[in-house]
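One structure is given below, encoded as structure tokens.
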Amino acid sequence: MSNVPMTRPEELLAVHETGFGHSSTFVELHDGRILHAAGENFTISEDGGISWSEPFHRNDVNGNAVGGGGTSLTRLSGKGVGLSAILKDPDDARGYYMAFWRSVDGGETWEPPVRVSPPGIPTFSYQDVLLRTSSGRIILPVYICLGQSTGPGDVKPPASGKLVNGQWVSTAAHFFDPRFSCCSVYHSDDDGLTWQRNSDGELLILLDWSATFSYVNEPSVTEVTPGKLLMFMRNGLGRLFCAWSCDNGETWSRPQATSLASSTAPCQIRTLPTGHLLLVWNQESEEEIKRGYNRTRISSAISRNGGSVWEFFQNVESMHEETRVEPGPIRPVRPAEYHFDPGVPAPEREREHILSVSFHGRWSYPSVFVIKDRVLIAHTYSVYEEHSTRAELIVSSQKEGGFNQKLKVLPLKWFYGGKEPADNPWLPQAHHAAKP
């Protein structure tokens, strides 16, 4: 059995090739339909994601467009729907902030947006991360970016990549970002009318008192048991990191490493109808990252004990056969082949990790929606194609009829290796394992 480009593709219920990139988010409406949002575009499915309407737009009652970057949807009380997105503050050159729109009629009409994050610090979110907990509280995990856009000596960060059929292509994003980022959580107990931030400060990585700080960003959150929340975060140390809240998002544990290998890319964490956890992320080894195979395997895995043990590793989209990658040491991991702008001396590189290839693709930024007996996963999709100049070495979305996203509809049992979901009698249950 091949796991390239995915594990057991014959079980797919549907696959859609779209142009929505990494903005997709989903919510089930009061009448069972699925509302999808991406930026300022909306679509609707009446058959569980098998088919979709043509895109349409929505304006609020003031006539302004609903949506923006990093869109996330959630259900509110009654027929209500909420949407969060990143907006640009016109009065502040660095003023990105989170806004929240409310609809009381299933997304037909929308109130003007409420500002969630305050002025002064640029605030962002990963798409598809709004969570409504069992108490009715709405959770919006966010991150902030601090610092200058250049590195030592005022030099721009280098570009990482590889040669594909003799031509240079980019294979990674933000591996050399000179800025620092950290996470926090906003929550609302009145269906998004007002918002408060977690009370114990920003989340960042500090593994030892004498160590340097490490960044985290693009968090995703789920509710493991009532009031007990689990957050997963992107970082650059070769693994996913997580944090716990035992008080419905008011306070959080310090981020700690998981046993899951990862490149510096975001993940999505969900709680399934079974009570088990589903994780979807870019799983790559240190060796793969060094060789420029960044974002070339989107994986899924199940935890049946609240986040300690992960099982049933599958390839959602992959250039590699392996479905499970053993993580390496907890340390910064970067591609070996990188270049600075002209005029900057060439860096030392690990030549054993420099290679040329005949094909390269990149997929990342999953959105994950769980509904009854199935799961929808949307992720970015780019394949480099050979052309005469570097400028024309393009991703498939840039040509006529191309696309930059795949939306896959999969039966729930696909994530269990094709088996019917069931508890593992050898594992402790979630209420024991969920203690931070």
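Here are the numbers:
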item	result
Criterion: part of a loop (DSSP other than H, G, I, E, B), modelled with pLDDT of 95 or more and out of contact with any Cys (no Cβ under 7 Å at 6 or more places or on another chain) - qualifying residue of Arg349, Arg324, Arg334	Arg324
Residue in the stretch 18-29 that is of a type outside the set (Asp, Glu) and over 20 Å from the mean Cα position of the chain (by Cα) present	yes
Residue count, the stretch 352-364 (criterion: small (Gly, Ala, Ser), surrounded by 17 or more Cβ atoms within 10 Å (Cβ to Cβ) and either farther than 22 Å from Asn282 by Cβ or at pLDDT 95 or above (or both))	1
Residue count for the stretch 128-153, restricted to those that are assigned to a loop (DSSP other than H, G, I, E, B) and within 21 Å of Arg94 (Cβ to Cβ)	5
Looking only at the stretch 69-94, and only at residues there that are in contact with a Gly (Cβ under 6 Å, 6 or more places away or on another chain), outside any loop (DSSP other than H, G, I, E, B) and among the hydrophobic types (A, V, I, L, M, F, W, C), the one that is farthest from Ile34 (Cα to Cα)	Leu87
Selection from the stretch 150-198 of residues that are basic (Lys, Arg) and closer than 25 Å to Leu230 by Cα	Arg197
Selection within the stretch 200-213 - closer than 25 Å to Pro157 by Cβ and part of a loop (DSSP other than H, G, I, E, B)	Glu202, Leu204, Leu206, Leu207, Ala211, Thr212, Phe213
Residue check for Val142: over 28 Å from Ile377 (Cβ atoms), at pLDDT 95 or above and β-branched (Val, Ile, Thr)	no
Subset of the stretch 99-127 [of a type in the set (Ser, Thr, Tyr), under 16 Å from Val216 (Cα atoms) and either modelled with pLDDT under 95 or outside any loop (DSSP other than H, G, I, E, B) (or both)]	Thr123
Every residue from the stretch 323-336 that is over 20 Å from Leu410 (Cβ atoms) and surrounded by fewer than 22 Cβ atoms within 10 Å (Cβ to Cβ)	Val325, Glu326, Pro327, Gly328, Pro329, Ile330, Arg331, Pro332, Arg334, Ala336
Number of positions in the stretch 201-227 that are over 17 Å from the mean Cα position of the chain (by Cα) and either under 11 Å from Ala243 (Cα atoms) or aromatic (Phe, Trp, Tyr) (or both)	5
Cross-chain or 6+ apart pairs with Cβ under 6 Å, the stretch 258-282 first and closer than 12 Å to Val325 by Cα, then among the acidic types (Asp, Glu) and at pLDDT 95 or above	Ser263/Glu284
Per-region count, the stretch 154-199, residues in a strand (DSSP E or B) and more than 18 Å from Val129 (Cα to Cα)	11
Residues of the stretch 39-68 that turn out to be crowded, with 19+ Cβ neighbours inside 10 Å, touching a residue at least 40 places away in the same chain (Cβ under 8 Å) and not in a loop (DSSP other than H, G, I, E, B), as a count	1
Residue satisfying condition, being modelled with pLDDT of 95 or more, hydroxyl-bearing (Ser, Thr, Tyr) and under 23 Å from Ala37 (Cβ atoms), within set Ser382, Ser367, Ser397	Ser367
Where a residue in the stretch 163-178 is in contact (Cβ under 8 Å) with a residue 12 or more places away in the chain and small (Gly, Ala, Ser) and its partner, wherever it lies, is outside any strand (DSSP E or B) and buried (at least 16 other Cβ atoms within 10 Å of the Cβ), with Cβ under 6 Å and at least six apart	Ala172/Asn294; Ala172/Pro335
Test: residue in the stretch 225-235 that is within 19 Å of Val370 (Cβ to Cβ), part of a loop (DSSP other than H, G, I, E, B) and either touching a Cys at 6+ places or on another chain (Cβ under 7 Å) or not hydroxyl-bearing (Ser, Thr, Tyr) (or both)	yes
Residue match in the stretch 214-221 (condition: in a strand (DSSP E or B) and out of contact with any Cys (no Cβ under 9 Å at 6 or more places or on another chain))	yes
Index of the failed condition, Gly307 passing every other in (1) surrounded by 16 or more Cβ atoms within 10 Å (Cβ to Cβ); (2) on the phi < 0 side of the Ramachandran plot; (3) out of contact with any Gly (no Cβ under 9 Å at 6 or more places or on another chain)	(2)
Residues that are surrounded by fewer than 20 Cβ atoms within 10 Å (Cβ to Cβ) and not β-branched (Val, Ile, Thr), drawn from the stretch 249-264	Glu250, Ser253, Arg254, Gln256, Ala257, Ser259
Matching residues, the stretch 264-302, being farther than 16 Å from Leu410 by Cα, among the aliphatic types (A, V, I, L, M) and part of a loop (DSSP other than H, G, I, E, B)	Ala265
Index of the failed condition, Ile34 passing every other in (1) β-branched (Val, Ile, Thr); (2) surrounded by fewer than 19 Cβ atoms within 10 Å (Cβ to Cβ); (3) in contact (Cβ under 8 Å) with a residue 60 or more places away in the chain	(2)
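The values are calculated or read from the model by the stated rules, or taken from the named source; none is laboratory data. For clarity, every value in this text was computed on a predicted model and none was experimentally measured. As a convention, Cβ positions derive from the backbone with ideal geometry for all residues, glycine included, and neighbour counts pool all protein chains shown.
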